[in-house]
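Just so you know, all these numbers are worked out from the coordinates, no wet-lab data involved. What you see is a predicted model, and the numbers here were worked out from it, not measured in a lab. We place every Cβ from the backbone using ideal geometry, glycine too, and count neighbours over all the protein chains shown.
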Amino acid sequence: MLESFEVVFPVAFAATALLLALLERLPAMQRTPVRIDKRWTSNIGLFLLGSAITTAIVPTGIYVFALHQPPGPMSRWEFPLALQIAVTFLLLDLWRYWEHRIYHRVPLLWRLHLVHHSDTHVDVTTSERHHPLDMLLGTAVLMALIAALGLPAPAVGVYLLTATIVALYSHANLRLPAGADRVLSRLIVTAPVHAVHHSDRQAQTDSNFGSVLTAWDRLFGTYVDPQRARIAHFGLHYFHLPADTGLARVLLQPFAFRRNLDYPERRDEAAGRRMAAVTAQPLVATMTPGCKDAILGGVAGCALVCLVMWPTLVEMTRVWNDSEAYQYAWLALPMLVYVLAARHGPAAMPVHPQPGFAGIPVAIVAAACWGAAALMNIDVGRQFALVLAIQGVAMAALGWRAYRRLFPAFALLFLMIPSGDLLQPALRVLTVKAIELLAIVANLPHSVEGFVIHIGTHRYIVVDECSGLAYVTLATFLGYCFGLMLYRSFARIAALALFGAVLGVLSNILRVDSIVLIDWLRDSQMDLGAHGVLQWIALLAALGLLFYVLDRLRGESPLPATAVSNAAEPPTRVRKFAPVLAGLSGLLIAGGAVALPANDSRPSQPMLAEAFPRTLSGWTLADSPAAWSVDPQGRTESIDLTYRRNGRDLHVVVVETRLPDAKLPPWRFMPNDHTVWREKQVRHESGCVAAGCIALVHSTWQRDRGHELRDAYYAYSVGRYATDSTFAVRAAHGWHRLIGSRDRPRMIGFVSADGPADTNEIAAAFLALQAAL
């Protein structure tokens, strides 16, 4: 069923849209003459952009989401499939009717929805004319409704397919014989019925809200007979000028809208084109030669930067694609281009690029940072260096003064850097503290052991997925983007981004606390499917509050042309090549670091059990065979042995890198018995012997839904250097590579199934193994 619907839906959508578009071209079928020009570009662009944004943030389609939800009441009550489809169809269509009415009644939601109504003509492309935020919000709300009611996936698929086809037809610029339309409109929303809804008259706009069925409008008194309605104009009494037709202007309409917006009255289209002739000019036509040179030089400089740092670029895009917490990053570069064109374009706030050499030192520093991070194998460092190098090229292309004015927009690129390794541990601890605080305030019996929380008889293990990283990153990105649209001050933009991050944290706290409180009140623990419902509710609450605050804020208007300093003298020929020189400087400096991995390569010899001492700090090597293995990618190798003393076993695990950029995985000490184990607690301890003290990481693992524990003690080493810090071992490895040493990082760990071990004995065993290996 899944495969068939995933194929049928796009084919049916494309075939219906193409057929209706062809029929609209026939004069005999047209309801009214329709202009295409920029309308189709904007409408189709909105559809593609909205689909991309929604897919990036919500990668699971609605039907696939419904397919993976637990069975709802209709399935549990064993309704026949036909009855399930009918009930689901009526429920969803009733919801779409009221959702549509709410969008027209609530000012904040109307800001998003007005983009659909600002089209001054109505044809098949208007059906997909929705602001990306409108599309994202509608998708999220529909998913929350499906999850809350547990609607069956086949019924959801039938409704989605029907609603999409009817929406395409109801917006088409087609006319049927009056008798046929009258009969058809008794059941479904036809093109003449929905055309009334797109009138610029308020009374007509607030009618005929139905999505598929006209029964809801008739039932709730919002139906207007198209035979009795006279439509003067389509669209709105604002945003109707030709200059408002372009995609960039349409995307800005929710933020440009104000109550009682003063706008010229509707005129004939020729007069409107004359009135908007200046603002309707293409962006390229209004560019100064300096702008064109800056763009060409910037593109060339960035190409040189990406040429040498391409492994980092590939690495970043892989994280964006695999992690839902960073899928928004695909939108950062398009958002930057959009902000520069719409908010800082020549007509809004002109800038006069003056290429200079100020960006070259920045590119040099970035290249040096990239080389150091490559030596130490620090992903975040390489990614930061890449973005910093792009900033240096931009500074060289624009000049310091112009770059400083546009810095808030260019700073958006720093949000592309996946920083989960830095944020997630803190967010995880914060989640534990939030649950503990709830238990204290609600006077619930509780105990906390690391990341394991007991509330009465219920046990919760706070894993990485509970940290709410996706909430924080997405809300921060949205806050920063909205700040760019509203303000020029970097402090205000950053404050709005920080506000978004706080909302992300609070929404995750709302989610986890709701789970705990509901479980306590019901005296049972809900399944993971129910967690998904609360996840959507919390996300929608956070986004709703963010949009509410944005609606109350008053943005800054662009600077008038008189407020901008006059253009300086044309740059010299040498300065025009400043961005290219910035890219070349990065290429020369960072290029040397690219060759380092080759100098660090040597045939990998497997670790042998014979290299391990027979006795280890009072423990004797057991007769059980050692297990040597290589990870599937061939990046690390490991060996497992068992030492025994007085009937107790101590498992020794040594992991060594085979490639310079390989990472040492701490999860390697998790028991590998094909069951689920959770990290209960992580502590940093030390063990001391005569030779000195060793810092150790002590992690405790607990079997999921069980009480068995495993205690692992481990540290990292490079040569004779030992540490419990991943950053320190990478820095030491970088230094060893720089001086030509062939020592590779390794991780030496000891796993005890009989409770905590003596850290002094562990330290002695670690030093003995380090010396032997």
Which label in (i) 11, 36, 42, 10, 0; (ii) 15, 44, 36, 5, 0; (iii) 13, 38, 34, 13, 2 gives the computed P(r) over Cα pairs in 20 Å bins from 0, in percent: (iii)
What is the packing order of peptides 453-466, 648-661, taking the mean over residues of other C-beta atoms within 10 Å and listing the highest first? 648-661, 453-466
What does the C-alpha gyration tensor say about the overall shape of the range 421-552? Classify as rounded when a/c is under 1.5, otherwise prolate if a/b is larger than b/c, or oblate. prolate
Given the rule -39500 (n - 2.57) for each run of at least 4 DSSP H residues, summed and divided by the residues of the chain, what is its mean residue ellipticity at 222 nm, to the nearest 500 deg cm²/dmol? -17500 deg cm²/dmol
For the range 609-772, the Rg and Dmax computed from alpha carbons only, in angstrom: 15.5, 49
For the chain: lysine pairs under 29 Å (alpha-carbon distance), excluding those fewer than 8 apart on one chain: 4
